[in-house]
Amino acid sequence: MGVAENKALVLPFYDEVWDKGHVDVAGEVFRDDYVRHDLRPTPAPAGPEGQAKIAADFREAFPDLRFRVELILGEGDLVAGRWTATGTHQGRWATIEPTGRTVEFSGVNVFRFQDGKVAEIWNHRDDFGLITQLGAEVIAGAAPGGEG
């Protein structure tokens, strides 16, 4: 597959999985052995089912989530997508209980393709901006009361 075909596979990932909540579409996009790179404190769940769970959990916290893809770039086996999302925090996300606040945040994903599906994804989301909009405490460095 070429760059155009890879880009054409990324767009439905955003539209179907993230914007519409059809998380089963992840199975059409990701290889069974895909690797996810992001800043989460725990390992990401494996395989397309893991990607579907990540999306389902996030959409449970923000059920009216909407994604707007602003830029898709491709070269070789890589495709990058820049997006902005909006949603209302109505369910628990990470350690943050529902706030009812509407948020807007952005991110960039870099996808590496192999044999027509995503083999790796690098996820860079503005979690700092998201957490700040939710009104949660942001701790940089050592936690208060800890040694630092």
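Results, tabulated for the structure shown:
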{"read-out": "Where G81 falls short, out of the listed (1) surrounded by fewer than 18 Cβ atoms within 10 Å (Cβ to Cβ); (2) closer than 15 Å to N123 by Cα", "value": "(1)"}
{"read-out": "Scope the stretch 15-67; condition open to solvent by 20 Å² or more (accessible area, probe 1.4 Å), outside any helix (DSSP H, G or I) and among the hydrophobic types (A, V, I, L, M, F, W, C); matching residues", "value": "V35, L39, A44, A46, F67"}
{"read-out": "Some residue of the stretch 125-147 being open to solvent by 30 Å² or more (accessible area, probe 1.4 Å), touching a residue at least 60 places away in the same chain (Cβ under 8 Å), under 30 Å from G2 (Cα atoms) and not in a loop (DSSP other than H, G, I, E, B)", "value": "yes"}
{"read-out": "Residue among F111, F105 that alone is open to solvent by less than 10 Å² (accessible area, probe 1.4 Å), assigned to a strand (DSSP E or B), touching a Gly at 6+ places or on another chain (Cβ under 7 Å) and not aliphatic (A, V, I, L, M)", "value": "F105"}
{"read-out": "Contacts under 6 angstrom Cβ, first residue in the stretch 30-54 being touching a residue at least 40 places away in the same chain (Cβ under 8 Å), partner part of a loop (DSSP other than H, G, I, E, B), 6 or more apart", "value": "R36/A44"}
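The values are calculated or read from the model by the stated rules, or taken from the named source; none is laboratory data. The structure presented is a predicted model; accordingly, all values stated were derived computationally and were not measured. Methodologically, a virtual Cβ is constructed for each residue, glycine included, from the backbone with ideal geometry; neighbour enumeration extends over all protein chains shown. Each accessible area value is taken on the protein alone, full model and side chains, heavy atoms only, with ligands, DNA and RNA left out. Shrake-Rupley method; radii C 1.70, N 1.55, O 1.52, S 1.80 Å.
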